[in-house]
1. Residue check, A116 against (1) touching an Asp or Glu at 6+ places or on another chain (Cβ under 9 Å); (2) part of a strand (DSSP E or B), all met but one. Which one?
2. Might you check whether a residue that is of a type in the set (G, A, S), within 24 Å of L122 (Cβ to Cβ), open to solvent by 80 Å² or more (accessible area, probe 1.4 Å) and not in a strand (DSSP E or B) occurs anywhere in region 76-97?
3. Please find, within region 38-70, the residue that is most open to solvent (accessible area, probe 1.4 Å) out of those that are part of a strand (DSSP E or B) and within 13 Å of A87 (Cα to Cα).
4. Taking the condition of being small (G, A, S), open to solvent by less than 90 Å² (accessible area, probe 1.4 Å) and either at pLDDT below 85 or farther than 26 Å from T35 by Cα (or both), how many residues in region 98-131 meet it?
5. Say we look at region 1-48 and pick out the residues that are over 22 Å from L77 (Cβ atoms) and among the polar types (S, T, N, Q); which of these is modelled with the lowest pLDDT?
6. Within 20 Å of A116 (Cβ to Cβ), without any contact (Cβ under 8 Å) to a residue 24 or more places away in the chain, open to solvent by 70 Å² or more (accessible area, probe 1.4 Å) and under 16 Å from the mean Cα position of the chain (by Cα) - does that describe any residue in region 5-16?
Amino acid sequence: ECAAYEFNFETRQFKRTAKERKITSYNIEKVNQHTFYYFTTRKLHNFLSMREWRNKITWMKEEGGRAVIDVSDTEDLQDKYPKKSGAKLASGHSVWVFEPLEAIGKVAQTRVTLTAKVELKLAIPTLIANK
């Protein structure tokens, strides 16, 4: 099946582990069968301001069974879900590629490749950055 169905944010497990992942609030809005918006606010550390991510997640399945998931920044839905006061807007882009491989015995195999870039909007003192 499509990798998209691996994204299930309304489970008890997601809600239970959100705090461990520093998520203080989130909004999810489905666009269609292959796209949804995922907005999160996180408190990464007591000495840092809140960070907010505004992502549009799109996936597709290609011939041969390869699936690609793209997680990109978006400015969509700002009226419906405005930026939280005091939060810094983080930025990022990631692409997940799932490729089926030959089974080993009866066990299906998959190659997963992740490429990601994240900008947390942190000011790192030069003294620390140059170490």
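The values are calculated or read from the model by the stated rules, or taken from the named source; none is laboratory data. Small disclaimer: the values here were computed from a predicted structure and weren't measured. Cβ: placed from backbone, ideal geometry, glycine included. Neighbour counts: every protein chain shown. The protein model used for the area step is the full one, side chains on, heavy atoms only, and it has no ligands, DNA or RNA in it. Shrake-Rupley method; radii C 1.70, N 1.55, O 1.52, S 1.80 Å.
1. (1)
2. yes
3. R42
4. Count: 4.
5. It comes out as T11.
6. Scanning region 5-16, I find at least one residue that is within 20 Å of A116 (Cβ to Cβ), without any contact (Cβ under 8 Å) to a residue 24 or more places away in the chain, open to solvent by 70 Å² or more (accessible area, probe 1.4 Å) and under 16 Å from the mean Cα position of the chain (by Cα), so the answer is yes.
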